[in-house]
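Peer 1: Take a look at the following structure, please.
The values are calculated or read from the model by the stated rules, or taken from the named source; none is laboratory data. These numbers were taken from a predicted model, which means no experiment stands behind them. Cβ coordinates were reconstructed from backbone atoms using ideal geometry, including for glycine residues, and neighbour counts include every protein chain displayed. Surface accessibility is based on the protein's heavy atoms, side chains included, excluding ligands, DNA and RNA. Shrake-Rupley method; radii C 1.70, N 1.55, O 1.52, S 1.80 Å.
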Amino acid sequence: MNVLGIETSCDETAASVVRDGRQVLSSVVFSQTHLHAPYGGVVPEIASRSHVETLPSIIDEAITKSGLAWNQIDMIAATYGPGLASSLLVGFSAAKGLAMKLDKPLCAINHIEAHIYSVFLGDDAPVPEDVCPFIALVVSGGHTCLVHVDRVGSYRLLGRTIDDAAGEAFDKGANLLGLGYPGGPVIDKVSKAGQKDYVKFPRGKHRHGKGQIAGLDLDLCFSFSGVKTALLYYLRDNPLVSGDDRMASVAASYQEAIIDALVDKCRKALNGGVHLAAAGGVSLNSRLRARLGDLAGEKGIRLLLPHPEYCGDNAAMIAGLAGAGCGICGPDSMTLDVFPNLELGVE
Ligand code: KG4
Ligand code: ZN
């Protein structure tokens, strides 16, 4: 089963061909980061225009690199949510058109579910049967949540951020520090030379205290707006000058506050010896990977991480998940609309 996957939920235009849900024959990602960098964040109008311009050639490239002919593609899969409506529309409409033209089924995929599935991509990746059930931490620029994965296709949302996503905290923090966009990679790099306990930033505490929010245990929910505000006030009171040798330590302290919060919630969610997975752009963070590795070691469980090329937005995770038999496939998908606020594992 060869699936062509298409992903355009935010600011990456991606296409990929995956065989039998695991073997990635091609994965092409065009990142629009340079288009959004001058604005310090993703501009939806620029994102959707760029998807329209680039998607046809990205799909062609994915087919060519796969070594397959069009008539060897068995299914078209595309993200239908969550994400930016105007971006989702480009990829999902293109997928509908291709499915119609090729007379192949269309499969509509949930982007968060696909991020979780990314840990199973590649020949040396674990097989789901060996590691389910597990807890998945999905951390990206748009999402931060903890999901209990019973098996591929069966999920229960345990917690989510009540304000900013972890990647957003990195991006906004880097902006305040004058380090540019996107913030995650640069904070990760700069922090290596810094002192993690130089500034005591708050650890993702939210003012709601204990209890529940929208049916979720607050103890498993995240909050990152406080740490960002704390950095703003710290920099107001302790301005950094260009070339300041405190930069690395302030960045490292800020990064550690975000990562402490992520690791703390993972620890709380891990019960009964289930394994742990992390996915999404922030799962590239070297300090997060090390800290989650320590946590898994402490608990005697496995830590599942995607290959670096499948951490950020990509289409291999979309095609892979469809090839694994998930998503909304068949005639229902052709009349489906994009769903910008689509959730995962919510009853
Ligand atoms: O998954 P992704 O490519 O797109 C979304 O679905 O949002 O994630 C992008 C996010 C950005 O916020 C970026 O700053 C963050 O992932 N990121 C990182 C690192 N690399 C990318 N955050 C922390 N450390 C990194 N090394
Ligand atoms: Zn994503």
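Peer 1: Any residue at all in region 134-142 that's under 30 Å from Ala324 (Cα atoms), at pLDDT 95 or above, within 16 Å of ligand 2 (Cβ to nearest atom) and open to solvent by 50 Å² or more (accessible area, probe 1.4 Å)?
Peer 2: no
Peer 1: Can you name the residue in region 273-308 that is within 17 Å of Arg22 (Cα to Cα) and within 11 Å of ligand 1 (Cβ to nearest atom) and, of all such residues, is nearest to the chain's Cα centre (by Cα)?
Peer 2: Looking at residues that are within 17 Å of Arg22 (Cα to Cα) and within 11 Å of ligand 1 (Cβ to nearest atom), I get Ala279.
Peer 1: What's the total number of residues in region 144-189 that are within 16 Å of ligand 2 (Cβ to nearest atom), open to solvent by 10 Å² or more (accessible area, probe 1.4 Å), in a loop (DSSP other than H, G, I, E, B) and of a type outside the set (D, E, K, R)?
Peer 2: Total satisfying the criteria: 1.
Peer 1: Given (1) assigned by TED's automatic domain parsing to the domain that holds Phe201; (2) away from ligand 1 (no atom under 16 Å from the Cβ); (3) open to solvent by less than 20 Å² (accessible area, probe 1.4 Å), identify the lone condition not met by Met247.
Peer 2: (3)
Peer 1: Hey, does region 74-90 have a residue that's open to solvent by less than 20 Å² (accessible area, probe 1.4 Å) and among the β-branched types (Val, Ile, Thr)?
Peer 2: Taking every residue of region 74-90 in turn, at least one turns out to be open to solvent by less than 20 Å² (accessible area, probe 1.4 Å) and among the β-branched types (Val, Ile, Thr).
Peer 1: Of the numbered conditions (1) under 14 Å from the mean Cα position of the chain (by Cα); (2) farther than 17 Å from Gly345 by Cα, Asp188 fails exactly one; give the number of that condition.
Peer 2: In the conditions (1) under 14 Å from the mean Cα position of the chain (by Cα); (2) farther than 17 Å from Gly345 by Cα, Asp188 misses (1) alone.
Peer 1: In region 300-322, how many are in contact with a Cys (Cβ under 9 Å, 6 or more places away or on another chain) and away from ligand 2 (no atom under 16 Å from the Cβ)?
Peer 2: 1
Peer 1: Here's a follow-up. Here is a list: Leu102, Leu121. Which entry is modelled with pLDDT of 95 or more and crowded, with 24+ Cβ neighbours inside 10 Å?
Peer 2: Selected residue: Leu121, the only one of Leu102, Leu121 that is modelled with pLDDT of 95 or more and crowded, with 24+ Cβ neighbours inside 10 Å.
Peer 1: Does any residue of region 207-222 turn out to be open to solvent by less than 10 Å² (accessible area, probe 1.4 Å) and not in a helix (DSSP H, G or I)?
Peer 2: Checked against the condition, which is being open to solvent by less than 10 Å² (accessible area, probe 1.4 Å) and not in a helix (DSSP H, G or I), region 207-222 yields at least one hit.
Peer 1: Also, I was wondering about something else. Return the residue satisfying two criteria in turn: it lies in region 190-201 and is assigned to a loop (DSSP other than H, G, I, E, B) and aliphatic (A, V, I, L, M), and of such residues it is least open to solvent (accessible area, probe 1.4 Å).
Peer 2: That would be Val199.
Peer 1: Quick one: which of Ile109, Ile58 is away from ligand 2 (no atom under 16 Å from the Cβ) and touching a Ser or Thr at 6+ places or on another chain (Cβ under 9 Å)?
Peer 2: Just a single option satisfies the conditions, and that option is Ile58.
Peer 1: Being assigned to a loop (DSSP other than H, G, I, E, B) and under 19 Å from Asn285 (Cα atoms) is the filter here, so list the residues in region 132-143 that pass it.
Peer 2: Ser140, Gly141, Gly142, His143
Peer 1: Among the residues of region 23-42, count how many are buried (at least 17 other Cβ atoms within 10 Å of the Cβ) and outside any helix (DSSP H, G or I).
Peer 2: 9
Peer 1: Filter region 1-40 down to residues that are within 13 Å of ligand 1 (Cβ to nearest atom) and on the phi > 0 side of the Ramachandran plot, then give me how many there are.
Peer 2: 1
Peer 1: Looking at (1) under 21 Å from Glu168 (Cα atoms); (2) hydrophobic (A, V, I, L, M, F, W, C); (3) under 20 Å from the mean Cα position of the chain (by Cα), which is the only condition Val28 fails?
Peer 2: Condition not satisfied by Val28: (1).
Peer 1: Looking at Arg267, is it away from ligand 1 (no atom under 14 Å from the Cβ), of a type outside the set (Val, Ile, Thr) and either closer than 20 Å to Asp197 by Cβ or at pLDDT 95 or above (or both)?
Peer 2: Yes.
Peer 1: Identify all residues within region 291-336 that are part of a loop (DSSP other than H, G, I, E, B) and free of Cβ contacts under 8 Å to residues at least 60 places away in the same chain; write none if there are none.
Peer 2: Passing the criteria: Gly300, Ile301, Thr335.
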